[in-house]
């Protein structure tokens, strides 16, 4: 039966704290105070694609870093991969590819460490229902100072890798069309090797925290904001997880293949984006299944679910342990994102070790090129999920079309589903309780959304909660932060 | 507790160059870096994040440089007190929050200062500063550089 939105009460939560950028959650209630609609909104417009149009293609890998201060490297590399094809240089030299991979794993390492220690660990260490004045990074610093320090030092280590491979944070120029503009000096390599074993040890400890939390609380979190879904990610030709390059694979909730390792240059044949009038963020879906059944999740959970194996030993052992919890079927528990994120943290540092000991990083053959093209797609697995960059370039080397589908947009429907499930479970009456807010925030944070990236905006606002009656009269309002 | 041997002055300029005058911080960092002043380390980023706390702890003093939306023209220079931020996004840790983390996590007693340079327009995706903001930036650099060369930020704050 269709619901008349005009007769619903509305609770607005704006924005969600401790996620990147800002967004708001609107809960629409019926006259019986039951949830009828749950929506995660973003409030800014999209404009970045227009900013790119008319610019020479070789500037794009630098310009796209302006999209987001949290994941500039992912945009840098996705754009560079597209521009590789524009110059016919997609088959990189060993030094070119390995330098980019080192940069990428450094980005994963710092991003996952930041999210785990400074955004989600308060929820895991203190519990969702604990005092919000304690349940934050300052609380962690007070009661678990060694963990707070680890988080900072791991983030710093990842940033040092990025600095050594990409250059300056604001004007990173490491990846250029067809390759890379520098190799890794012996001095840079030795500096990074110095702290490597410490980082590996801390990664194992981080994984233990996430795993133990999930296993010990499985009965509580199994239904928390959880739902069956499809999962999409890049995988290597042999089915291994590959965060830098591969084919697009999709599986359904039971693990059946619904997107069969396709070449992502043809992604528009398989994926479409639905526009909804209440959101600036689009809703991607698999065309064959349609918008109702074809939406999917991306990110660490999807990647672990979709791949056949991981090609580093400790992360592969961790993957097997994770998959055993669901008898090797896809895991559809939202809070399991945290465990999978730490498996990827470990995989990243294992890959970093592998690369730092590879002499190809000191090679001098940095750039390649071939037959010029006018259209290209660059795909990469960003820390938050699959990131699409699609460009058309004219014969004067100017970009004439740009389309980006960022990771958080790919998780749009999934995050809305999580919010809906949590609100259904925790809303009581028409009061906006602290518990309800906390649980919604915890659910959204599991996806590590980057709303500034999704909306191409930067900014920060306080948390505002508003309750309206069915005639849109304001009944209650709370501000947080 | 993890601690660092602190030395010298750190200048951190932050902001997004694609938002007009929001790019003042990184632009100042770029200009200071060109001068290669002994004992001065320079960094630039889109926003401050938690690992900046470790960088602060490695120095005796830090100058945060940012665009100011409502501050006095052409700039303000004020000391900062470390602060415990009870809720914040990693997207944007405040300078005081970074100082607070440096103190709490690394036992840092670095002195912090905020150089807020007045900007006027912050539209998205325009990679050019307004003329007035640029003039303000030049004045702010002229103010800051002599102190950096002297290795002391003790000048009367304004």
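Please compute the length gained on full extension between residue A:354 and residue A:394, using 0.36 nm multiplied by the number of residues separating them and subtracting their Cα-Cα distance. Working shown, then result.
Working: separation 40, 0.36 × 40 = 14.40 nm, distance 3.97 nm.
Working it through step by step, the gained length comes to 10.4 nm.
Distance in nm between label sites at residue A:280 and residue B:4, each 7 Å beyond Cα in the beta-carbon direction?
With each label placed 7 Å out from Cα toward Cβ, I get 3.6 nm.
To the nearest Å, what is the center-to-center distance of region A:110-171 and region B:114-158, using C-alpha atoms only?
31
Note down the relative contact order for chain B as a percent, whole number, built from C-alpha pairs under 8 angstrom at least six residues apart. Working shown, then result.
Values: 361 pairs, mean separation 49.9, N = 158.
32 percent.
Using 0.36 nm per residue, how much length does the chain from residue A:185 to residue A:321 gain when fully extended, once their Cα-Cα distance is taken away?
Values: separation 136, 0.36 × 136 = 48.96 nm, distance 3.78 nm.
Full extension of this stretch gives 45.2 nm more.
If R0 is 45 Å, what FRET efficiency do you get for residue A:34 and residue A:215 from their C-beta distance, rounded to 0.05? Before the final figure, lay out each step's value.
Details: r = 33 Å, r/R0 = 0.74.
Once the sixth-power term is evaluated, E becomes 0.85.
Mind checking the mean number of beta-carbon atoms from other chains within 10 Å of the Cβ atoms in B:51-59?
On the way: counts 14, 4, 6, 6, 3, 0, 1, 0, 0.
That works out to 4 on average.
By how many degrees, between 0 and 90 and to the nearest 10, does the Cα long axis of helix A:72-86 differ from the longest principal axis of chain A?
Result, in degrees: 50.
Angle between the Cα long axis of helix A:337-356 and the longest principal axis of chain A, 0 to 90 degrees, nearest 10?
In chain A, helix A:337-356 runs at an angle near 10 degrees to the longest axis.
Would you mind checking the tilt of helix B:24-35 against the longest principal axis of the Cα atoms of chain B, expressed as 0 to 90 degrees and rounded to 10?
70
Using the beta-carbon distance between residue B:149 and residue A:365 and R0 = 30 Å, what value does 1/(1 + (r/R0)^6) give for FRET efficiency, to the nearest 0.05? All intermediate terms of the calculation are to be shown ahead of the outcome.
Values: r = 43 Å, r/R0 = 1.43.
Plugging the Cβ-Cβ distance into 1/(1 + (r/R0)^6) gives 0.10.
Find how many whole Å separate the alpha carbon centroid of region B:36-79 from the alpha carbon centroid of region A:299-348.
Between the Cα centres of region A:299-348 and region B:36-79 lies a distance of 40 Å.
Viscosity 1.567 mPa s, temperature 4 °C: what is the translational diffusion coefficient of region A:53-173 from Stokes-Einstein with a Kirkwood Rh over Cα pairs, rounded to a whole number of µm²/s? Before the final figure, lay out each step's value.
Values: Rh = 16.1 Å.
Diffusion coefficient, whole number: 80 µm²/s.
Stretch residue A:269-residue A:372 to full length: gain in nm at 0.36 nm per residue minus the Cα-Cα span?
Numbers: separation 103, 0.36 × 103 = 37.08 nm, distance 2.31 nm.
Contour length minus Cα-Cα distance gives 34.8 nm.
Once all Cα-Cα distances of the protein assembly as shown are split into 20 Å bins that start at 0, what whole-number percent is in each one?
Histogramming the protein assembly as shown at 20 Å steps yields 19, 55, 24, 1 percent.
Remind me, relative contact order of chain A in percent, using alpha carbon pairs under 8 angstrom and six or more residues apart? Don't jump to the answer; show the numbers that get you there.
Working: 1021 pairs, mean separation 132.0, N = 481.
Taking the mean separation of contacting Cα pairs over the length of chain A, I get 27 percent.
Could you check the spin-label model distance between residue A:53 and residue A:401? Points 7 Å from the Cα along Cα→Cβ, value in nm.
It is 1.2 nm.
Compute the relative contact order of region A:49-135 as a whole-number percentage, counting only Cα pairs closer than 8 Å that sit 6 or more residues apart in sequence.
20
Could you tell me how far the Cα centroid of region A:196-250 sits from the Cα centroid of region A:55-99, in Å?
If we compute the Cα centre of each part, the gap is 26 Å.
We did not get these values from a lab; they are worked out from the coordinates using the rules stated. This is a predicted model, so every value here is computed, not measured. Glycine gets a Cβ as well: all are built from the backbone with ideal geometry, and neighbour counts include every protein chain shown.
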